[in-house]
Amino acid sequence: VDYTLIWKVLIATLLLVALIFYWNTMVVKIRAKAKDDFLAVMSHELRTPMNAISGLNALLKLSPLDPTQKSYVEKLEASSGYMMQLINNLLDFAKVKNDSFELEQQSFRLDIALHSVKSILMQKADDRGIALTVMSEGLESIAIIGDRGHLSQVLINLINNAIKYTEEGEVSLVVTQLPESTENTVRIAFSVTDTGIGIAEADLKSLFDPYQRVINSASNTSEGVGLGLAISKSLVELMGGQLHVESRLGQGSRFYFDITFELADDHMVSQAIIAD
Ligand code: ADP
């Protein structure tokens with residue numbers, strides 16, 4: 001028996017199997033990367049016309065309008081706001097998957113940022129007959145360094161969900177300073193609570209997975225693709241926190257996280273105020 005030939009055939013077969021395996025993983029990786037790149041480019045491109053639509057609509061809202069025109073402009077504002085949120089989530093999702101995500105570091109007034117988050121969602125809460133409250137006692141005029149846009153995006157996602165998945169009652173955002181704060185840093189707790197439909201225990205495990213939507217009374221009627229919580233979780237983690245949820249079916253939910261921010265110095269505080 002020619003053992004050398006058997007060895008040669010065996011090694012050649014092993015090499016072939018390894019090559020096929022390597023080729024397959026490479027193809028899968030290249031395809032996934034192409035998909036993520038496409039998503040990143042598309043969502044980035046979509047933002048420019050959406051900015052123009054939102055900006056021009058805001059100008060239109062300032063001009064004299066009759067009640068019908070006013071209601072059209074408000075509908076346009078709500079739809080373009082939703083579209084913008086979707087595009088922002090998609091863009092960030094693609095960037096996080098691509099490892100090309102970078103947080104911005106800018107100084108801003110926390111109370112002002114919270115106020116604009118509230119004003120973005122007030123109309124939606126009003127339309128659904130839900131009381132939206134934002135409480136941030138003791139944080140007036142605190143200026144911090146962080147990514148205002150992405151912090152706002154997380155809060156908008158959470159509050160937007162709370163409004164969507166609540167039939168009646170209230171939604172509240174409570175922001176408090178934690179005792180772990182130091183001379184140069186401030187640890188802030190954010191908590192979004194609703195009195196809505198709640199989430200079953202069994203659905204909590206996969207709630208933060210991408211494209212995950214819970215089958216319930218609201219899932220057919222409410223807009224959404226199941227990316228909001230997945231991207232919010234990643235964004236909170238990138239900012240150094242952990243997004244948690246506690247919920248009772250039929251009673252409501254609470255989403256919460258803590259983040260430590262550097263305090264901006266006085267010079268930056270005045271800049272932050274001017275910038276707004
Ligand atoms: P969607 O675009 O579907 O809202 P999300 O990722 O934001 O996607 O949320 C995933 C799912 O988690 C939702 O489809 C919904 O079923 C559930 N969910 C999220 N927030 C709440 C909430 N506050 N109350 C009840 N269910 C919620």
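The values are calculated or read from the model by the stated rules, or taken from the named source; none is laboratory data. None of the values given here were measured: they were computed from a predicted structure. Cβ sites come from the backbone with ideal geometry, for glycine too, and all protein chains shown count toward neighbours. With ligands, DNA and RNA removed, areas are computed over all heavy atoms of the protein, side chains included. Shrake-Rupley method; radii C 1.70, N 1.55, O 1.52, S 1.80 Å.
Quick notes on this structure:
- Solvent-accessible surface (1.4 Å probe) assigned to L243 amounts to roughly 10 Å².
- Accessible surface comparison of H44, H150, H115, H244, probe 1.4 Å, protein chains only, largest first: the order is H115, H44, H244, H150.
- Unsatisfied cross-links (Cα-Cα over 29 Å) in the set K75/K97; K75/K205; K35/K70; K70/K118; K95/K118; K61/K233: K75/K97; K75/K205; K35/K70; K61/K233
- Per-residue SASA entry for K118, accessible area with 1.4 Å probe, Å² rounded to 10: 60
- Helix-derived mean residue ellipticity, 222 nm - over the chain, DSSP H n ≥ 4, -39500 (n - 2.57), to 500: -19000 deg cm²/dmol
- Overall form of the chain: prolate. Here a/c, set by the Cα gyration tensor axes a ≥ b ≥ c, is 1.5 or more, and a/b is the larger of a/b and b/c.
- Net charge dipole size for the stretch 55-204 [Lys, Arg +1 and Asp, Glu -1 on Cβ; Debye, nearest 20]: 460
- Heavy-atom accessible surface of the stretch 115-227: percent carbon and sulfur, 1.4 Å: 52
- In the stretch 24-96, the portion of solvent-accessible area held by carbon and sulfur atoms comes to 70 percent [1.4 Å probe, whole percent, DNA, RNA and ligands not counted].
- Sorted largest first by accessible area at a 1.4 angstrom probe radius, with every protein chain in place, the residues M50, M135 fall in the order M135, M50.
- In the assembled protein chains, I87 presents an accessible area of approximately 10 Å² (probe radius 1.4 Å).
- Axial C-alpha extent at least 24 Å, average Kyte-Doolittle at least -1.0 - helices from the chain (DSSP): 3-62, 67-98, 110-127
- Probe 1.4 Å, protein heavy atoms only - accessible area per residue of the chain in square angstrom: 60
- Solvent exposure ordering (accessible area, 1.4 Å, most first) of L86, L110: L86, L110
- Net charge of Cβ neighbours under 15 Å - reference I188; Lys, Arg +1; Asp, Glu -1: -4
- Given charges at Cβ of Lys, Arg, Asp, Glu: the chain dipole, positive-most of N216, G240, L65: N216
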